[in-house]
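What follows is a short report on a single structure.
The values are calculated or read from the model by the stated rules, or taken from the named source; none is laboratory data. As the structure is a prediction and not an experimental result, all values here were calculated from the model. Here Cβ is always computed from backbone atoms with ideal geometry, including for glycine, and neighbour counts include all displayed protein chains. All accessible areas refer to the heavy atoms of the entire protein, side chains included, with ligands and DNA or RNA removed. Shrake-Rupley method; radii C 1.70, N 1.55, O 1.52, S 1.80 Å.
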Amino acid sequence: MDEIVVVGQIARDLVLVVDEVPGPGGTAPVRERREMLGGKGANIAVGLAQLGAAVQLVGVVGEDDVGGRLIARAGADGIGTGAVVRRPDCATGLIVDVVADGWRYLEDLPDGVLLREEDLPIDLIERAAAVVVQLQQPPEVALRAARAAHGRVVLDGAPERLRAELLACADVVRADHLEAELLSGRKIAGAEDAVAAARDVMADGPGLVAFAVDGVGNVFVWDDGQLVVPLGDVEVVDTTGGGDAFVAALTFALTRGDSPADAARLAVKASGATVTHPGGRPDLTRC
Ligand SMILES: Nc1ncnc2c1ncn2[C@@H]1O[C@H](COP(=O)(O)OP(=O)(O)O)[C@@H](O)[C@H]1O
Ligand SMILES: [Mg+2]
């Protein structure tokens, strides 16, 4: 399979599992601690590498020790890191994921870790079989990457600006429940609403739209078909990274030529395999 490029966030993830989050002046013991390569871009790239894709990561870390360690970790995960930018005078992003009754994130993501247009490896993007653009980057930069791509363009999330321009060059759009409402401008109360919202978004460009519906599952809509896939019957520990694993698997399957329905099922299997453990790092080796 030709190379897949992922454009997105890279951060150090610190995951702390506690029984209860203390109030002001309180203390709580940490039951489990995990420190890992994280950020949505890196998570998607890890998932793709685990599935067997050749993948290149485009994102920014600082010139600090943590940045060096994250790049080494990504390399050990089988990800190409030649296009990861090391920004001088900028601390590598840190995300603390406190898992108790659901997640709480504490994020330290300085402006310097956002991608700039001059950071984009245009040659690499032009050559890629697929380019995943995770939309937590400045919309202008996301658009530059999406427009440079000749292969399949996969967008994850909802852009703050340039919605029409980004949708016009997207082949696949995937969004969580809230992002789906933002993208479509509709309230989504169930699978039927989500399908209608996805059809609306499809009319603006993409050939496949996947929306998560909280508590229900994921809907997939494409030119001549649609599918509603319920959530997997697994014990959910932390939904963090579920979307990243989903995007990785969806992109992987479509790139190798799976039908939309088969790609959809692999995507939900991948998210189901990721929400069973704390932290966002996918575990797709058995998917
Ligand atoms: N039990 C489950 N089985 C399969 N998928 C699940 C399950 N629980 C949650 N998911 C999926 O995980 C994804 C979480 O997405 P999102 O909130 O975007 O995560 P993140 O942005 O942290 O990666 C959604 O698509 C959701 O449907
Ligand atoms: Mg998400």
Problem set entry | Theoretical ellipticity at 222 nm over the chain - DSSP helices of four or more residues, -39500 (n - 2.57) apiece, nearest 500 | -10000 deg cm²/dmol
Seminar exercise, completed: Here the stretch 163-169 yields Karplus 3J(HN,Hα) values (6.51, -1.76, 1.60; θ = phi - 60°; whole Hz; Gly and Pro given as x) of 4, 5, 5, 5, 5, 5, 10
Exercise. So how long is each side of the stretch 1-134 along the principal axes, counting just the alpha-carbon atoms, biggest first, in Å?
Worked result: 53, 34, 22
For this session: Report, to the nearest whole %, how much of the accessible area of the chain belongs to carbon and sulfur atoms, 1.4 Å probe, protein only.
Result: 48 percent
Problem set entry | At most 16 other Cβ within 10 Å, DSSP loop - trypsin sites (Lys or Arg not before Pro), the stretch 110-212 | 116, 161, 186, 187
For this session: Please work out the Cα center distance from the stretch 1-69 to the stretch 182-222, rounded to the nearest Å.
Result: 28 Å
For this session: Could you work out the per residue convex hull volume over the alpha carbons of the stretch 184-287, in cubic angstrom?
Result: 99 Å³
Exercise. Can you list the GluC sites (Glu not before Pro) in the stretch 124-212 that are in a DSSP coil and have 15 or fewer other beta carbons within 10 angstrom?
Worked result: 160
Exercise. What ranking do 269-277, 83-91 get when scored by the average of other Cβ atoms within 10 Å per residue, highest first?
Worked result: 269-277, 83-91
Exercise. Residues of the chain: accessible area per residue at 1.4 Å, in Å²?
Worked result: 43 Å²
Exercise. Which helices of the chain meet both criteria: a Cα extent of 15 Å or more along the helical axis and a mean Kyte-Doolittle score no lower than -1.0, with helices taken as whole DSSP H segments?
Worked result: 40-51, 65-76, 191-202, 242-255, 260-274
Exercise. Residue by residue through the stretch 15-29, which ³J(HN,Hα) values in whole Hz follow from phi under the Karplus form 6.51 cos²θ - 1.76 cosθ + 1.60 (θ = phi - 60°), with glycine and proline marked x?
Worked result: 10, 10, 9, 10, 6, 8, 7, x, x, x, x, x, 10, 9, x
For this session: Step through the residues of the stretch 123-129 one at a time and calculate ³J(HN,Hα) from phi using the Karplus curve (6.51 cos²θ - 1.76 cosθ + 1.60, θ = phi - 60°), rounding each to whole Hz and writing x for Gly and Pro.
Result: 4, 4, 5, 4, 7, 5, 5
